[in-house]
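Asks: One structure, pasted below without further comment.
The values are calculated or read from the model by the stated rules, or taken from the named source; none is laboratory data. Since we're looking at a predicted model, the values are computed, not measured. Cβ: placed from backbone, ideal geometry, glycine included. Neighbour counts: every protein chain shown. Each accessible area value is taken on the protein alone, full model and side chains, heavy atoms only, with ligands, DNA and RNA left out. Shrake-Rupley method; radii C 1.70, N 1.55, O 1.52, S 1.80 Å.
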Amino acid sequence: MDFIIKPLVTEKMTAVTDKQNNKFGFIVRPEANKLQIKSEVEGRYNVNVKSVTTMNYSGKDKTRYTKHALLKGRSNAFKKAIVTLAEDETIDFYSNI
C-alpha cells in the first residue's frame, strides 16, 4: 500500500534541506505510522532512513466575503513526515523532469 502521497517541495522545506542535506519532507496518508513511512522511503528511493518525524495538521475553516455572498469552506487535514537520511545520502526529486 502506498503511504506517501507526494514529496514536499516548498520554500520552507527547501530551506531546511539546504541547511541539512539529509532531511526531506513528504505528505503521507493519515493512517501511516513511522515504520511504514520508513520502509516505503527506503524501498522507493534506495536510501537508508535514520529517523522519521510526523506531524498531523487539522483542516481549518475558511470564509471569504464576495460581492454576492459569504463563501464558507474548509481546507483539508493532512499528515506531514520529515525523513532524516543517513550521512552522505540524498534524494533527487528533479531527476525525472
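Asks: Got a sec? Which of VAL28, VAL47, VAL52 is within 14 Å of the chain's Cα centre (by Cα) and either at pLDDT below 90 or within 15 Å of ALA86 (Cβ to Cβ) (or both)? Please lay out each step first, then the result.
Replies: Working: VAL28 fails: either at pLDDT below 90 or within 15 Å of ALA86 (Cβ to Cβ) (or both); VAL47 fails: within 14 Å of the chain's Cα centre (by Cα).
Result of the check over VAL28, VAL47, VAL52: VAL52.
Asks: Restricting to region 54-70, name every residue that is surrounded by 10 or more Cβ atoms within 10 Å (Cβ to Cβ) and either of a type in the set (Asp, Glu) or under 30 Å from GLN36 (Cβ atoms) (or both). Outline the logic, then answer.
Replies: Narrowing region 54-70 to residues surrounded by 10 or more Cβ atoms within 10 Å (Cβ to Cβ): 54-55, 57, 59-60, 62.
Matches in region 54-70: THR54, MET55, TYR57, GLY59, LYS60.
Asks: Output the residues belonging to region 71-97 that are among the β-branched types (Val, Ile, Thr) and open to solvent by 70 Å² or more (accessible area, probe 1.4 Å). Steps first, please.
Replies: Narrowing region 71-97 to residues among the β-branched types (Val, Ile, Thr): 82-84, 90-91, 97.
Within region 71-97, THR90, ILE97 qualify.
Asks: Please name all residue pairs, on different chains or six or more residues apart, with Cβ atoms under 6 Å, provided the first residue is in region 39-68 and is β-branched (Val, Ile, Thr) and the second residue is open to solvent by 80 Å² or more (accessible area, probe 1.4 Å).
Replies: Qualifying pairs under 6 Å: VAL52/LYS34; THR63/LYS72.
Asks: For region 70-78, indicate whether the set of residues that are out of contact with any Leu (no Cβ under 8 Å at 6 or more places or on another chain) and either in contact (Cβ under 8 Å) with a residue 40 or more places away in the chain or of a type in the set (Val, Ile, Thr) (or both) is non-empty. Even if it seems obvious, please write down each step before you answer.
Replies: Pass one, region 70-78, residues out of contact with any Leu (no Cβ under 8 Å at 6 or more places or on another chain): 70-78.
The next check asks that each one be either in contact (Cβ under 8 Å) with a residue 40 or more places away in the chain or of a type in the set (Val, Ile, Thr) (or both); those that pass are 77-78.
Yes, region 70-78 has at least one match.
Asks: Can I ask one more? Within region 4-45, count every residue that is touching a helix residue (DSSP H, G or I) at 6+ places or on another chain (Cβ under 7 Å) and loosely packed, with under 14 Cβ neighbours inside 10 Å.
Replies: The number of residues fulfilling the criteria is 0.
Asks: Please state which one of LYS6, LYS38, LYS19 is within 10 Å of the chain's Cα centre (by Cα) and either of a type in the set (D, E, K, R) or farther than 12 Å from LEU85 by Cα (or both).
Replies: Numbers: LYS38 fails: within 10 Å of the chain's Cα centre (by Cα); LYS19 fails: within 10 Å of the chain's Cα centre (by Cα).
After ruling out the rest, the residue left standing is LYS6.
Asks: Looking only at region 1-59, which residues are part of a loop (DSSP other than H, G, I, E, B) and closer than 15 Å to ASP92 by Cα? Lay out the reasoning, then the answer.
Replies: Restricting attention to region 1-59, the residues satisfying the condition of being part of a loop (DSSP other than H, G, I, E, B) are 1-3, 8-10, 20-22, 29-33, 46-48, 58-59.
Within region 1-59, LEU8, VAL9, THR10, GLN20, ASN21, ASN22, ASN46, VAL47, ASN48 meet the criteria.
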